[in-house]
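Please read the structure below before turning to the comments.
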Amino acid sequence: MELDVLAFGAHRDDIELTCAGTMLKLADHGYKTGIIDLTAGEMGTRGTPEEREKEAEESAKILMIQCRENLYIPDANIEINMENKLKVVKAIRKYKPKIIFLPYWQDRHPDHAHASQLVSESAFIAGLSKLMPEIPRHRPEKMIYYMCHYEFTPSFIVDITEQNDRKIKAIHCYKSQIYNPNYQGEQTYISSPEYLDSIEVRSRYYGGHIKCKHGEPFLLREAIEIKDIMALV
Ligand SMILES: [Zn+2]
């Protein structure tokens with residue numbers, strides 16, 4: 001299977017909370033998308049890896065993705081080492097995405113920052129033919145960073161107004177993680193109603209930048225080539 005876009009998240013729910021609207025929009029347009037979760041989330045304050053696996057499967061159906069895999073790298077300890085890089089390289093070579101979504105390289109959660117570096121370095125070496133020569137090499141054409149906790153000035157913003165309701169539905173699949181008055185467990189910021197508000201406020205804020213209701217911001221390290229400048233208007 002060859003994908004158009006493969007999104008990497010440190011934890012199950014990272015993609016839903018950051019760029020699910022764009023994933024849905026891509027699927028709506030007929031593009032093939034997939035998600036790789038790097039860890040099983042075993043260090044999370046709430047929920048077990050088994051609960052989170054079921055939640056992620058439920059959400060995957062809403063997001064209309066072709067595949068979702070977990071690399072079982074230790075949670076809260078995403079190391080930039082060759083063992084982990086090879087796991088990511090294998091996933092990239094298996095799905096041959098044209099574009100990779102990955103977390104912005106600076107974040108308050110060290111897993112997000114480390115995931116960013118791990119995926120970025122792995123995507124480069126996935127293109128080296130002498131590395132694991134038994135699997136054909138593949139290097140994605142673009143690395144596109146999504147926003148976690150720390151903000152950046154976006155390279156572009158995607159209008160997700162039509163996808164926002166389904167994005168929120170996907171987020172609500174994570175019953176052990178987000179605000180859920182029926183769930184018995186320790187409270188965290190993510191499980192507070194304010195966190196859900198912050199998702200709404202952020203998408204309204206970035207939507208406002210491009211004069212639409214809901215938007216998701218993205219960043220590239222390099223400049224983007226525009227083939228037809230009139231396509232901008
Ligand atoms: Zn996370």
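The values are calculated or read from the model by the stated rules, or taken from the named source; none is laboratory data. In this text the structure is predicted, and so the values were computed from the model without any measurement. Positions of Cβ are generated from backbone atoms using ideal geometry, with glycine treated the same way; all protein chains shown enter the neighbour counts.
Brief remarks on what is shown
- Asn70 vs. criteria touching a strand residue (DSSP E or B) at 6+ places or on another chain (Cβ under 9 Å), surrounded by fewer than 22 Cβ atoms within 10 Å (Cβ to Cβ), within 29 Å of Ser192 (Cβ to Cβ) and modelled with pLDDT of 95 or more: yes
- Set side by side, the residues Asp75, Asp37 differ, and just one is within 27 Å of Ile135 (Cβ to Cβ), out of contact with any Lys or Arg (no Cβ under 9 Å at 6 or more places or on another chain) and within 16 Å of the ligand (Cβ to nearest atom), which is Asp75.
- Identity of the residue in region 36-52, buried (at least 17 other Cβ atoms within 10 Å of the Cβ) and among the acidic types (Asp, Glu), that ends up farthest from the chain's Cα centre (by Cα): Glu51
- Comparison of Lys90, Lys85, Lys130, Lys94 shows that the only residue that is farther than 25 Å from Lys169 by Cβ, touching an Asp or Glu at 6+ places or on another chain (Cβ under 7 Å) and not aliphatic (A, V, I, L, M) is Lys85.
- Top-ranked residue in region 1-35 [being more than 17 Å from the chain's Cα centre (by Cα) and modelled with pLDDT of 95 or more; ranked as farthest from Lys167 (Cα to Cα)]: Glu2
- A Cβ distance below 8 Å, combined with a sequence gap of six or more or placement on separate chains, defines the contacts here; from region 7-19, residues that are over 17 Å from Tyr145 (Cβ atoms) reach residues that are near the ligand (Cβ under 9 Å from one of its atoms) in the pairs Arg12/Gly41; Asp13/Gly41.
- Residue within region 84-105 that is closer than 24 Å to Glu200 by Cα and free of Cβ contacts under 8 Å to residues at least 60 places away in the same chain present: yes
To keep it simple, each residue is scored yes or no on (1) within 16 Å of the ligand (Cβ to nearest atom); (2) within 13 Å of Cys19 (Cα to Cα).
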position: Tyr146; (1), (2): yes, yes
position: Phe152; (1), (2): no, no
position: Gln163; (1), (2): no, yes
position: Lys169; (1), (2): no, no
position: Ile190; (1), (2): yes, no
position: Lys211; (1), (2): no, no
position: His214; (1), (2): no, yes
position: Leu219; (1), (2): no, yes
position: Met230; (1), (2): no, no
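- Enumeration of residues in region 211-233 that are surrounded by 14 or more Cβ atoms within 10 Å (Cβ to Cβ) and closer than 11 Å to Phe156 by Cβ: Gly215, Glu216, Pro217, Phe218, Leu219
- Checking the stated criteria, Met43 turns out to be within 11 Å of the ligand (Cβ to nearest atom), at pLDDT below 95, assigned to a loop (DSSP other than H, G, I, E, B) and over 17 Å from Phe218 (Cα atoms).
- Checking every residue in region 172-185 against the condition of being touching a residue at least 40 places away in the same chain (Cβ under 8 Å) and over 30 Å from Gly207 (Cα atoms) gives at least one match.
- Index of the failed condition, Leu86 passing every other in (1) part of a loop (DSSP other than H, G, I, E, B); (2) over 25 Å from Tyr189 (Cα atoms); (3) over 15 Å from the mean Cα position of the chain (by Cα); (4) not basic (Lys, Arg): (1)
Yes or no, residue by residue, for (1) buried (at least 17 other Cβ atoms within 10 Å of the Cβ); (2) within 15 Å of the ligand (Cβ to nearest atom); (3) more than 23 Å from Asp13 (Cα to Cα):
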{"site": "Leu102", "(1), (2), (3)": "yes, yes, no"}
{"site": "Gln106", "(1), (2), (3)": "no, yes, no"}
{"site": "Asp111", "(1), (2), (3)": "yes, yes, no"}
{"site": "Leu118", "(1), (2), (3)": "yes, yes, no"}
{"site": "Gly127", "(1), (2), (3)": "no, no, yes"}
{"site": "Leu131", "(1), (2), (3)": "no, no, yes"}
{"site": "Ile135", "(1), (2), (3)": "no, no, yes"}
{"site": "His138", "(1), (2), (3)": "yes, no, yes"}
{"site": "Glu141", "(1), (2), (3)": "no, no, yes"}
